[in-house]
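The values are calculated or read from the model by the stated rules, or taken from the named source; none is laboratory data. Predicted, not measured: the structure shown is a model, and the values here were computed from it. With ideal geometry, Cβ positions are generated from the backbone for all residues, glycine too; neighbour counts draw on all protein chains shown.
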2 protein chains.
Amino acid sequence: MTDMTKITSGSLIAAEKVEGTNVYNRQGEKLGTVDDIMIDKVSGKAIYAVMSFGGFLGMGEKIHPLPWSTLKYDERKGGYVVDLDKTMLEKAPTYDRADDFVWTPDYGRRVDQYYNVPTYWS
Amino acid sequence: MTDMTKITSGSLIAAEKVEGTNVYNRQGEKLGTVDDIMIDKVSGKAIYAVMSFGGFLGMGEKIHPLPWSTLKYDERKGGYVVDLDKTMLEKAPTYDRADDFVWTPDYGRRVDQYYNVPTYWS
């Protein structure tokens, strides 16, 4: 994953490089990787990072959408740090990677509420 | 490219789906596709769409970074519309796809100035 730490400038990163970037907890343990980013079509703002936690917690192919504001980029680690513990993640909204999942305002609000961030959805 | 029009919700789109989305001019002619998105690591805001215009204008493998604000999403077309003509694009800042291109504040400011948008770079 060292390639993911190669940032194209001081503060810009290509979406393709975010995909695959490691995610760590506050203790520096790797939790998983960013699978994709959900962006607002009009403003171009990233709203959710879609995380894959792999075998961690035995969560297999479950996808965890995290509000973008819960991720802090750590230059030194070359990855994102989230302040989330195991219990928090286990109970978080997920969906199956295989599903043809459709985002709804209700689902989005549930995610935002779970992580206690201002909701993107009106 | 019809798959690119399958939006995951009313206003959210996966970055992976933006990549490959068609770009049209105001006359409805296809200019090219979005290759990648440059996002600000901290705010998560898309700053540039990195466009590939393919054989159009004989520009081959040249990559055109466009400030995100120059792109308007057209729900009906399932793609982005830009108000740019051929001459404007021909003279725009580009770089070679093959290059190991590194974004600098100077280059960014040049792009922003060319398209007459407020610059992202301080």
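Some points to look at:
- Matching residues, segment B:23-48, being within 17 Å of residue B:72 (Cβ to Cβ) and facing another protein chain (nearest Cβ under 8 Å): B:37, B:45, B:46, B:47, B:48
- Selection from segment A:85-107 of residues that are within 15 Å of residue A:63 (Cβ to Cβ) and touching a strand residue (DSSP E or B) at 6+ places or on another chain (Cβ under 8 Å): A:89, A:92, A:93, A:94, A:95, A:96, A:97, A:101, A:103
- Looking across segment B:98-122 at every residue that is in a loop (DSSP other than H, G, I, E, B) and touching a residue at least 60 places away in the same chain (Cβ under 8 Å), the one that is nearest to the other protein chains (Cβ to nearest Cβ) is identified as B:103.
- Pick from segment A:97-122, criterion modelled with pLDDT under 90 and among the aromatic types (Phe, Trp, Tyr), ranking: surrounded by the fewest Cβ atoms within 10 Å (Cβ to Cβ): A:101
- Index of the failed condition, residue B:53 passing every other in (1) touching a strand residue (DSSP E or B) at 6+ places or on another chain (Cβ under 6 Å); (2) aromatic (Phe, Trp, Tyr); (3) within 26 Å of residue A:21 (Cβ to Cβ): (3)
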